[in-house]
Structures are given as structure tokens and as C-alpha cells.
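No value in this document is a laboratory result; all are computed from the given coordinates. Bear in mind that the values here come from a model prediction, so they are computed numbers and not experimental data. Please note: Cβ atoms are built from the backbone with ideal geometry, for glycine as well, and neighbour counts cover all protein chains shown.
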Amino acid sequence: MLPVTPVIVLSACLFVTGLIGLLTRRNLLLVVLSLQLMLGAGCLAFAAFDQAWLMTDVTRPRTGAVFGLIATLAAAGQLGLGLAVVFVLARARRSLDIEALDELKW
Amino acid sequence: MPEVWLYLLGGLTVLSSLALITARRMLTAVWAFGCVSVLLGGILLSLSSPFLAFVELWVGTSCFLAALFFARLLSGIEARGLGPRDPGRVVIKALGLIASLVLAAVFIGVVAQTEPAPRIAAGDVSGRQGWGPQLFTLYVAPLPALGLLLLGTMIGAAFLLRRRSG
Amino acid sequence: MVISTGFEPLLRWIPLLPLLSALLHAVWLVGRFRPLPRWLVVLFSCGTTLLSAVLAGWSFARLLQSSDAGDPLVDTVYTWFGAGIGTNAFSADIAFQLDSLSGVMLLLVSGLGVLVHVIAVEGNAVRAGEARDFQRFFAALDLLLAATLTFVLAENLLLMFVGWEGVALASAILVGFQSGEPAAARLPSFLLRVERLGRFAFVLALLLLFWSSSRAGLPSLSLHGLDAVLTKIAQETLPLPGGGGDRVIRLLDVIGLCVLGAAATRSAQFPFHVGLRHLVRAPSPASALMLSTSTLGGGVYLVCRLAPFFAWAPLASAALAWVGGLTALFAVAVALVQRDIKRLVAYVALSLVGSLFVAAGCIGPAAAIPQLINYGFGVALLMLAVGAIVAAIGGQTDVTQMGALEKRLPKLRAVTLVAVLTLSGLPGLAGFFGREVVGAALLDSALPGAPWLLGLGWLTSCGLALALFRLYFLVFQGESRVEREVRAHLREPPDSVLSSLYVLSVLGILGGYMALPQYWGDLFGIEGSNSLGNFVSPLMGASRPAMDVANHEGWVIVAITFAWVVGAVGGWGLFVRARARSEALAARFPRAEAFLRTGLGVETAYDRLLGRPFSRWARRFAHEGLDRGFLERLVIDGSARGVSSLASGALKFPQSGSVQGYGVVVVLSLLALLLYWVR
């Protein structure tokens, strides 16, 4: 079995990368994809923890795996809805620029 | 799988994610995302949950394909209206960058501090306390929050748009 | 009205009935219904008053029956509020108490109330006015009566205060009462200011008593167990400012002084007399009631009711006596130059009340209450008679413009003569006996400056007789200065009025014999001749010395007889025989006369020293400075401007609308949270 700590570090890196993408990119679609990346990183971390707990005690319930599944499901749902919304917004605004969506100030 | 493959896969994943966030063209970024998904699936395979790996691979690939489809659909729009740069946004982006890096440092720091293997080797078998609830919180807390934020924002904007044009 | 088996529950109806009548009239008028016909108003008001008086008499009889036990009759309606539990419990009830003191006063008030109501029906200028004014007047009159009854019958100091305030309210309404003229309803402001002082003093006394009694472990404001409470707090002292902790004043002295303050303002003692001349602007039946029992008499009753305090507080008693003595002399001086007949009566009453204060401070309720009763009869009689005279002459109030009415108004003359004789102290009538008792007590008294008080009192007696006879002679004797037309239409007042006046005259004459000093009793072999005084005094415990002062009483009797003779003869001489010469003499000092007439210029002094500077200060500081400058400009405008500049300035920036900006904020806060947790 793999050592767990590097995996968690990797997951942290991916998560933060996704976060940077979320906060920095102007393209709406890419922002959604960054969010997906974050969720994937989270799933990876859950899996790593699951592995670690398995290593200590085989009879434990597989909490990590379950949470990983939940995170993946969340990712799937968000993607579906998010892409649809992106599409509508892009068509309405004629632009994929996230800075064109600034009505939320009132 | 020997460790060296893990490190290779991991490195590639990081590179691809960096490509995702820095690519100029939308299509390039989407392909990078696809790479990331596949690589993630591979890494998960090497962990203890093949089922999770399978699901993640599946979802990831679907994401990639859907994004690809939409990117092609919207590529015409992308070409237009990227608007003038707002100096205020630079500040925001810089702040975001810094905050994220600090967050990464915090994550890694906590992980390093609470790593269980040496402790287990030293005879502490209360495995539950390995990474502690803090780390768990680190992962559980932000994800839904951020996701909801983004989603909510977009839905709100869409709603406003509909009100305006409708 | 349910008459239950226990008798006490009837006590509450004594003040309640007139109050109900007043409320009915008030509600009727406020609701702007068509004013009730006069006979209906009379039926309600006089009916309730009569009923209340009957109840009063019945209760008093019941009290006499059970008076062997010496316990008062108490009617507790409900607990107003309370606090604490166990031995430290305190409760203020709406409760009425009928003991010998309040019983006697109750009879006076009820009786006078009935008579005043009867007179108000016919012998009143309001009668000629509109029906609305008629009903309004009776509403105010009933309110006055109800408040006075509450004040008299109250079982604790809080309810007494309620009655006190009620009297203030009702008298304010009545003073400002002019048929149909809203402008005349504005009260002169210093009347109110003086009222406030009295109110403050009363409340202060209440608070001090409550505070000290709570500290001693027996919190109580009730008149019930007052002696027990007082023995406990008798030795407490308060430090005087500037004494460095050495100079102290006894707490009971302070309370006594506060009570004195309240009583002095209510009874218009010097220097609080400034409102007195306005008091008589009310229609004369109301004035009569007010002067005799509610306002001027009310102060005396307060002092008597709270006599246990004064028994423990020699300083306050001395102050009481001196205030009364000085006021008596002052009032007589002012009365001697008054031209307005009603004001003349008011100042005469004031002087008599001053003497009552002397009696209260020097001896106590045993002497003051009988004199108060007789004073009540006499002054009410005088005021009502004067009112009738004024009505008969057609509204003329200047006493120098009357004269030679003895042939035209014989019945009124007789009644007025009775009043004058009783009040001035004709030997053998009530006023004489009262002065005798006080004079004899002052001879042996331990009061500081008692001989001076005695001298003042003698001078006052002379002056009082002089003033009263001046009234009588100027109105009824001499040459007539009444206009010819009016003279032709002079008519005696209606029979209802006259019969009430006759009743009062008889009471005034007989009243003296209810309080015959023991000196005469010994002379004629009657034991316990001072029946009223003895009836009232057991309530006050053994804290006052018995009134056996037979040694020098003979001299006192001679002295006051002499005073009366001087006054009577002087009056006849000055105002009948040599009237023209005395008027010429007075005309040579117009400024002095005016000064005296306006009460030694106290009113102008108040205005210049207190009134005007205060208004100026109020305008400059409170209105322009505080209100406009600070509150408006700084607080209100300032906060509005602050909020708007904040909103358009600093608060504008976060509202960028940028999604990623909001995201950054989320991440930053997340970071902060995590750092906090992980630490």
C-alpha cells in the first residue's frame, strides 16, 4: 500500500490550485472547472484518509470512502447545473467574462 | 504500485492543474482538466478504494467531455467581449492568490504535524486520532461552502438577468 | 353597592361616591353629549354627596360604638403594590382608616361638602351660565370633595399623597374655572411652581420614612403601626453638610421639616402665599370648601395626622410654630389693606391657619383639631356669606364700594356677624377658646422663643379682630357707596342658601362648646369638658404632655379679651366713626399700602429673583444650546450626515459585484477560522 502523507500533500496542492483558478480566471467556464478540480482534490484526500484508517484497523467502517463518494456526487451535480447556468449566462451576456456579472452589488 | 509511479503521477497531475489555471485559451484549459481527471483516477486506483476510483474516473471524464462540448459551443462567444481590465480586480486576484498559498501552507503544515505513521511505529495505536478532527474539518468545511458560493452567485446572476430581460 | 356583614367595606364608598359622580360628569362632557339637564346634575352630585355624608355619619357612629377598644376601623380595598416577604414585607394598600382623628375631620368635610353643594345649586354665578358650565362645575366640585375625602381617610402615606395630588388638580381646575372663557383658564405659573415644591417635600418625606424604616427592618408607610416604626428610627441622624461629620440633624427632624414644607405650601404659609389670591378666583362655594378643608385646612390636617413625627422632632415642631406665627401676623397686615372682599377673607383665613400651625407645633392635634373644626365652620360661613353678598350686589367685589347694607340685607348681615364674632374671638365663642388654649400653652412651653410667639400672637389677635370688623363695618355700616341702580335691586339670597348659612352659623356658635378648655370645665364642675380634644388625643399616645396649664390661664384670658376689645373698638372707630379721616391717612402712603397689599412684594421678588432668570436660562441653555445646538445639529443632523458619508464612502467599496472578490473574502475568513482552530 502507498504511504498516505504524500497523497494528502498532493490533494492539498490540487485543492489550492483549484482555488487559485477559481479566484483568478476570467473565463466563467474555467472557473467552474477549477471548482471541479477542488472537489476532486477533496475526494482524493478522503480516499487517502480511508487508506490510512484501513492501515491501522481493518474492521473500521469505510468512512473515508463514503465521504469520497459523496464529494464525487456533489461534483457531478454541480457540474451539471453549473454548466447549464454558464451557458444561459453566456448567451444572455454574450460574453464568458465573469466580470461582466456584477449585478450583485445591490 | 511502487512509490515512484505515485510521485510521477502526482507530479503530472500538479502540472496539468497548473496548466488549467494558467492556459490562455479555453480549449487548452479544458484539455488540461481532462488530464487531471484521468490522472486523479489513476492515483485513486492505487489507493485502497477501487470503487471510488472508478466513480471518480467516470465523473471526471464526463466533466471533461461536457466541458469540451460547452467550450466548443461557447468558443464563438469567447472571442468577443472580454472587456477592459479593471485595476481593482488585480488587487482582488493578488489577494486571492496569496490567501490560497497560505491555505496550502496551513494544510501541509497540519498534515506534517499530525502524520500518524511515526506515531504508530512508536506504539501509539489509537489510529483514530491520527489526523485529528482538525484535518477532517479542513476538508469538509471549505468545499461545500465554496461550491455553494459559486453556484449561488451564478444562479443569482441568472435570475437577475431573467428579470431584466423578461 | 353590596352591604356585607363586616361593616368596614362601607368606608371605601365615602370617597368613591363623589368620585363616581365626577367621573360621570367628566365622561359625559368629554363625550360631547348634550349636557344633562340641571336637575339631573344636581340629583347626581348632591345625591352622591349626601349619601357619602350619611355613610360618614354612620361610620362615625360605628366608631364611637367600638371606641372602647381604641382600634380604628379599616377598610382595605386591595393591595396596590408590595415587595419583600416575611418580616420584611412591605405593602401599600388602597385602604381607608377611620379613627378618632380622621373621623372628626371626615364629619367636617362631609358636612361642609353637603352644604357647599346645596349652595352651589342656587347661589352661584355659574347658575346663570350655560348648562355645560354648570355640569363642569359640579364635576370639579365633586372631584375636589372626593380627593379631600381620600386624603382624610387614607390609611397610608401613599394614598394620602394621591388625595393630596387630587386636591391640587381639582383646585387648579376650579381656580381656572370661568364660565365659557378659555383664556381665563390658564393658570398663573407660580401657583404651579409652589405646588411642585410642596409635592417634592411630601415625596421626600415619604422616601426618607421608607428608607429609614426599611433599614430598621420594619418597612412601612402605613399610619397603622407608625409609633412602633418611629421608636425604632428615633435615634437616626443625618450628617449636615459642612460640619465635617460632627454636626448632625436627627432624621425625624428632617422628615418633620419636609412634612412642614408640604403643609406650608399647601396652606399658603409665608413665603408660599403667592397663589392665595388666585385661589379665590374660583366660584365661592368651591372657594369656601377649599379654604376651609381642602387646601388651607388640608395642610393643618397633614401636620396633625403626622403628629407622631413632630412629637419626636422638636426642631420641626419649633419651625412649625414659628412659620405659623409669622404667617399669622403677616396675613393680618395684608388683610387690613385689602380691597377685594374675597381676598380679604382669604388672608383672614391664612392668618387663622397660621394660628392653627402654632397650636399644632406647640401642643399638637389635641388643640389643633378642635380649632380646625371651628375654623372650618367659621371660614366656610364667612366665605359663603361673602359670596352671597357679592352676588347680591351684582358682582362688585371692592369692599370700599359697599356700605350701609344692614337694612337691605338683614339676614346676610346676621350670618356675617356670627362669622365675624366667632372668628375674631369674642369671649365665649370658639375662636376665643382656641386662643386661650394656645396662649396658656405658650406661657409654659419649651419652644425656643416662646415669649416672642406669645407677643406675636397677641398682636395677631388684635389685627385679626380689626380686619374682620373692618370687613363687617365697611360692608354693612356707614354710608352707602353702592350704585343707585344696584341699590334698588338688592335682594337677599334664596332660601336654600340662607338655610345652609343658618346651619353653619349654629355650628359655628356651638362648636366652641365642644372644645371647652378644661379651665372653664373646672370652673363649672364639668369633667373632661374638652370633649373634642380628649377624643382626638388618645391616638397620639403619651408623647405629648397633658394640657393642664391652669396656673396662668387667667392672665391669658384677660389678655385675649383685651385684644378683641382693642380690635373691635378700633374697627368701629376707624371704619365707622372716622372713616373719612382714616381713608385720607391711608391715601397719604399709597406706595406702602400697595406694598402691603401685594403681600410684601414677595411675588415680585420671586419673579425677579427666580422666575425671570430661570426663563432666560431655560431659553438660552436648554432651548438654544441643548436642544437646537446639541441635539438637533450634532446628534440628529450629525448622525444622518455621518451615515450618508459612511455609506457613500467606505461602505461603497465592498459592494463591487465581483464574484471573485466575494470569493476572496470567503477564503480570507476561512483562513482566519482555520488558523484559530488549528492553533
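Worth pointing out:
- Using θ = phi - 60° in the Karplus curve 6.51 cos²θ - 1.76 cosθ + 1.60, the 3J(HN,Hα) couplings for the range C:485-494 round to 4, 5, 4, 6, 9, 5, 9, 5, x, x Hz; x is entered for Gly and Pro.
- Taking the helices alone, chain C has a mean residue ellipticity at 222 nm of -21000 deg cm²/dmol, built from -39,500 (n - 2.57) per DSSP H run of at least 4 residues and averaged over all its residues.
- Against chain A, whose longest principal axis comes from its Cα atoms, helix A:63-93 is set at around 10 degrees.
- For C:Gly428, the amide hydrogen comes within under 5 Å of the amide hydrogens of C:Phe433, counting only partners 5 or more places away or on other chains and with H modelled in the peptide plane.
- √(5λ) per eigenvalue of the Cα gyration tensor, the range C:346-458, largest first, Å: 32, 13, 12
- The three principal axes of the Cα atoms in chain A give end-to-end lengths of 55, 25, 22 Å, sorted in falling order.
- Test item: C:664-676 mean partner chain Cβ contacts at 10 Å: 6
- Taking a quarter of the surface of the Cα convex hull of the protein assembly as shown gives a mean projected area of 63.5 nm².
- Alpha carbon convex hull of chain C, projected area averaged over orientations, nm²: 44.4
- Remark: relative contact order (chain A) = 28 percent; criterion is Cα-Cα distance under 8 angstrom and separation of 6 or more residues.
- For A:69-78, mean number of other protein chain Cβ atoms within 10 Å: 5
- Cα long-axis angle, helix C:410-424 against chain C (0 to 90 degrees, to the nearest 10): 70
- Rel. contact order, % - alpha carbon contacts under 8 angstrom, at least six apart, chain C: 11
- Other protein chain Cβ atoms within 10 Å, averaged over every residue that makes up B:19-29: 4
- Net charge of neighbours whose Cβ lies under 9 Å from the Cβ of C:Val334, counting Lys and Arg as +1 and Asp and Glu as -1: +2
- Ranking of B:Met154, C:Met105 by count of other Cβ atoms within 10 Å, fewest first: B:Met154, C:Met105
- Ordering A:Thr5, A:Thr24, B:Thr61 from the fewest to the most neighbouring beta carbons within 10 Å gives B:Thr61, A:Thr5, A:Thr24.
- Gyration tensor verdict on the range C:640-679 (Cα atoms; rounded if a/c is under 1.5, prolate if a/b is larger than b/c, oblate otherwise): oblate
- Relative to the globular-protein estimate of 2.2 N^0.38 Å, the Cα radius of gyration of the range C:206-309 stands at 1.34.
- Estimated translational D of the range B:1-64 in µm²/s (Stokes, Kirkwood radius over Cα pairs; 4 °C; 1.567 mPa s): 109
- Distant-in-sequence amide H partners of C:Ala95 (H built 1.01 Å from N, under 5 Å): C:Val77, C:Glu155, C:Asn156
- Centroid-to-centroid, using Cα positions, the range C:20-47 and the range C:315-391 are 34 Å apart.
- Listed peptides C:330-338, C:588-596, C:575-583 by packing density, highest first (mean Cβ within 10 Å): C:330-338, C:575-583, C:588-596
- Ordering C:Ile393, C:Ile85, C:Ile369 by the number of other Cβ atoms within 10 Å of each residue's own Cβ, fewest first, gives C:Ile85, C:Ile393, C:Ile369.
- Mean Cβ neighbour count within 10 Å, used as a protection proxy, ranking C:428-434, C:438-444 highest first: C:428-434, C:438-444
- Axis angle, to the nearest 10 degrees, between helix A:28-56 and the longest C-alpha principal axis of chain A: 10 degrees.
- Distance from the Cα centroid of the range C:585-645 to that of the range C:441-455 is 42 Å (rounded to whole angstrom).
- Farthest positive-ward along chain C dipole, Cα basis, beta-carbon charges - from C:Ala146, C:Leu600, C:Gln97: C:Leu600
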